[in-house]
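Before any comments, here is the structure.
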Amino acid sequence: MSLLNQFYRYGMLCCLLLAMACSSKVPTASPEAARFGPAEIRKEVTESEVLRQSFVGFALYDPELGQMVVEHNADKYFVPASNTKLFTFYASHKMLGDSIAALKYVSRGDSLIFWGTGDPTFTHMDLKNTLAYDFLKNRPEKKLYYVEAPYTSTPFATNWGWDDYNYYYQPERNIFPIHGNVIKFYKEETAPFSTTPSYFKKKVVVDTAESKSNIAFVRGWRTNNITYRPRYAAEKFSTEVPFITSPEMTVTLLADTLKREVELLKAAVPQGGKIFYGLPTDTVLKRMLQVSDNLMAEQLMALCSGTLSDTLSIERAIKHVKATYLADLPDEPVWIDGSGLSSMNMFTPRSIIVLLQKLMEERPREKLFPMLANGGRPGTFRNIYKADVPFVFGKSGTLAHVHNQSGYIMTKSGKLLLYSFMNNNYKVPTSDIRNEMERIMTEVHNRY
């Protein structure tokens, strides 16, 4: 054999051995496993069997690249439900200071005249706020007079469900909320149930008859009389029922709570009132966002309106925010209330993405993400996106046939993405929609 042929055969053998070694160490990945880009994400959204009958909107944005990764119906309007609270969050961020204005007052001789600002935290049963309570309770003046400030909004916003009046999530809006404008009924095993505020205990009538409704506490349609049906109550329970608000009810509950006489003064709000400040604004915003507190959202917009004029108006605050801070959104919001309870609210996914951009640009991540619902942590995301380290931070929104999520997602590759995933007009259980959204967004987290 010639020397040339020997070199050739030796070279071929080396190439063969090298190829075998490489193939044994690096298995060939399938195209599906190796690639999960925009086309694959779009396919997951648009070809999902679970979402096939929904009206689906989806926007995934990469702030580092400054461009959308995926858009599907991103320019179409959707009912946002509690995703509306992201807009309330931004309005409060722009218009309210570091602390909530709890009330306004003037002192005249032996009298203190005070009025409300819209603050929802007075003696709130979950936030445990007693700042304004202590201020009024310990005032040296002998007489306390409450004046009703000008207020143009209604107890229920446009298109709220009138027949939801008995449920905890739809308390009435007003100028001076007390105890979150709900009555709390609480029972520990064999002990009698307790009532907060205690004033309403005398309004409860026990009914042992069978009923078509299996609700334990039912308030009258336009009264504060409450029927208690023990047969439908658990051995231990904690439930809340909204009460009907009015200036007279405010004064009654203030007197009952403060254990001081409070008189309703039917007069104009005095000039030169001082402001008593309560809780940090971020404390209220965090509660509003993480548990999706509807009353706090509504009252925060009332507080925003108070920075514009002495007359409180949720509608005026919304109009102002749209015309100033949100005038550059790609699609003008149809924005009705602060909470998202109205099915007349309409936003587009791409406008929500712009709002999320604004929040991220104006608040450091370390101050923004803890405010939102975090995957697997207490709040509305507690049962989804569970992980040792949260990777989704956002807001959900649910009404009948509506379930949405919008927020921020961190991928395993280290990318931060903004997303808005909206589902309207479906017939399947909401849990099916929620689980499918979680599956798709988890794939984005794991593989993008």
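The values are calculated or read from the model by the stated rules, or taken from the named source; none is laboratory data. Bear in mind the structure is a predicted one, so any value in this text is a computation, not a measurement. Quick reminder, even Gly has a Cβ in these numbers, built from the backbone with ideal geometry, and neighbours come from all protein chains shown. Surface areas here come from the heavy atoms of the whole protein model, side chains and all, with no ligands, DNA or RNA. Shrake-Rupley method; radii C 1.70, N 1.55, O 1.52, S 1.80 Å.
A few points about this structure:
- Computed extension gain for residue 126 through residue 246, at 0.36 nm per residue and net of the alpha carbon distance, reaches 40.9 nm.
- Check: the stretch 191-288 dipole with +1 on Lys, Arg Cβ and -1 on Asp, Glu Cβ, in debye: 80
- Relative contact order for the chain, counting Cα pairs under 8 Å that sit 6 or more residues apart, in percent: 23
- Dividing the mean sequence gap of close Cα pairs (under 8 Å, 6+ apart) by how many residues the stretch 366-439 holds gives a relative contact order of 20 percent.
- Proximal charge balance of residue 275 [Cβ under 11 Å; K/R count +1, D/E count -1]: +1
- The charge dipole of the stretch 34-151, taken about its Cα centre with unit charges on the Cβ of Lys, Arg, Asp and Glu (plus for the first two, minus for the last two), comes to roughly 580 debye.
- Placing unit charges on the Cβ atoms of the charged side chains and taking the dipole of the stretch 365-448 about its Cα centre, the candidate lying farthest along the positive direction among 383, 371, 428 is 371.
- Extension gain from residue 76 to residue 334, taking 0.36 nm per residue of separation minus the Cα-Cα distance: 91.7 nm
- Taking a sphere under 14 Å around the Cβ of residue 385 and counting the other residues whose Cβ falls inside, with K and R at +1 and D and E at -1, yields a net charge of +3.
- Angle in degrees between helix 349-362 and the longest Cα principal axis of the chain, rounded to the nearest 10: 80
- Label positions at residue 152 and residue 186, each projected 7 Å from the Cα along the C-beta direction, are separated by 4.0 nm.
- Each Lys and Arg adds +1 at its Cβ and each Asp and Glu adds -1 at its Cβ; summed about the Cα centre, the chain shows a dipole of about 600 debye.
- Farthest positive-ward along the stretch 184-341 dipole, Cα basis, beta-carbon charges - from 196, 305, 317: 196
- Entries in 322/367; 358/395; 128/202; 142/259; 104/395; 286/386 that, when Cα-Cα distance is taken, lie over 22 Å: 322/367; 128/202; 104/395
- Backbone N within the stretch 241-256 under 19 Å of label point (7 Å from residue 141 Cα along the Cβ vector): 247-248, 250-256
- From the alpha carbon centroid of the stretch 295-323 to that of the stretch 202-239 is 35 Å.
- Computed over the chain, Cα set: Rg, Dmax in Å: 28.1, 122
- Accessible carbon and sulfur surface of the chain relative to its total accessible area, %, 1.4 Å: 53
- Acute angle (nearest 10 degrees) that the helix 294-305 long axis makes with the longest principal axis of the chain, alpha-carbon atoms: 80
- Gain in span if fully extended, residue 267 to residue 35, counting 0.36 nm per residue against the direct Cα distance: 76.6 nm
- Cβ-based net charge around residue 188, under 12 Å, with every Lys or Arg adding one and every Asp or Glu removing one: 0
- Cα-based shape type of the stretch 318-448, given that a ≥ b ≥ c are square roots of the gyration tensor eigenvalues and the cut on a/c is 1.5: oblate
- Under 20 Å of direct C-alpha separation, and excluding same-chain neighbours fewer than eight residues apart, residue 236 reaches these lysines: 184, 187, 201.
- Cβ-Cβ distance of residue 365 and residue 209, R₀ of 41 Å, FRET efficiency by 1/(1 + (r/R0)^6): the value works out to about 0.15.
- Label point distance in nm, residue 427-residue 162, each placed 7 Å from Cα along Cα→Cβ: 2.9
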